[in-house]
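The values are calculated or read from the model by the stated rules, or taken from the named source; none is laboratory data. Predicted, not measured: the structure shown is a model, and the values here were computed from it. Quick reminder, even Gly has a Cβ in these numbers, built from the backbone with ideal geometry, and neighbours come from all protein chains shown.
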Amino acid sequence: MGFKNVVLGIGIFVVFVFLVGYGIEAFYPSPDYNVYCKSSNYAYPNYPDKIATNCSYSKTLENLSRQCFDERGTPVYEYDNNGCQVSLTCDYCSKDYEDANKVYTRNVFVISLLIGLLTMAIGAFIFSIETIGAGLMAGGVGTIFYGCVRNWPNFSNMMKFILLFFALVLMILLGYKLNNKLNWKIFKKKKR
């Protein structure tokens, strides 16, 4: 395979992965933080105009604040005229956004996996021009990689191991099949 074919194959790989990534975002957009946290007060709460003076410690507020953090919320305090914290509400907008994003990244993984496997199969078995087939196969692998990276923090260690093991076995079998070195009859029982 000549240098031009290698460059073309790499180009197909890169463009395909970007095409899938941007295509997913165009037709299935990711959750928008501002939809879940509509007010800028969540990011920058209204602090009192003056420095707190003569404030008494409130064990109740401290417990409510800890409970809010434990529930993945953000405490939003209200202040009196002296600048002292007098009450709080627990805002769950960040939690809701993270939960929606977790579902979204899982779905992106599934979409990327299906597109990647289909593209690898098309590149391996349909395109007889080696450069195009190899570029599409690499694009399929890159698309699977993209989906895994998007959802990687949400996978358990066991799930990561299973996915990587499955991907490795699939690629080895595909490599053998493409190079006509795997005798598929070994999976059938021998007749005597």
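Limited to region 88-117, what total is found for residues that are aromatic (Phe, Trp, Tyr) and in contact with a helix residue (DSSP H, G or I) (Cβ under 7 Å, 6 or more places away or on another chain)?
2
Is it true that GLU98 is loosely packed, with under 12 Cβ neighbours inside 10 Å, within 29 Å of the chain's Cα centre (by Cα) and at pLDDT 90 or above?
Answer is no for this residue.
Could you identify the single residue in SER39, SER128, SER112 that is closer than 30 Å to LYS4 by Cβ and modelled with pLDDT under 85?
From the options SER39, SER128, SER112, the qualifying one is SER128.
Here is a yes/no grid of residues against (1) in contact with a Lys or Arg (Cβ under 8 Å, 6 or more places away or on another chain); (2) of a type in the set (Val, Ile, Thr); (3) outside any helix (DSSP H, G or I):
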site	(1), (2), (3)
LEU114	no, no, no
THR119	no, yes, no
THR131	no, yes, no
GLY142	no, no, no
TRP152	yes, no, no
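If you check GLY147, GLY139, GLY123, which single one turns out to be in contact with a Ser or Thr (Cβ under 8 Å, 6 or more places away or on another chain), among the small types (Gly, Ala, Ser) and within 12 Å of PHE16 (Cβ to Cβ)?
The conditions single out GLY139.
What about SER65, is it modelled with pLDDT of 85 or more, more than 30 Å from VAL110 (Cα to Cα) and in a loop (DSSP other than H, G, I, E, B)?
no
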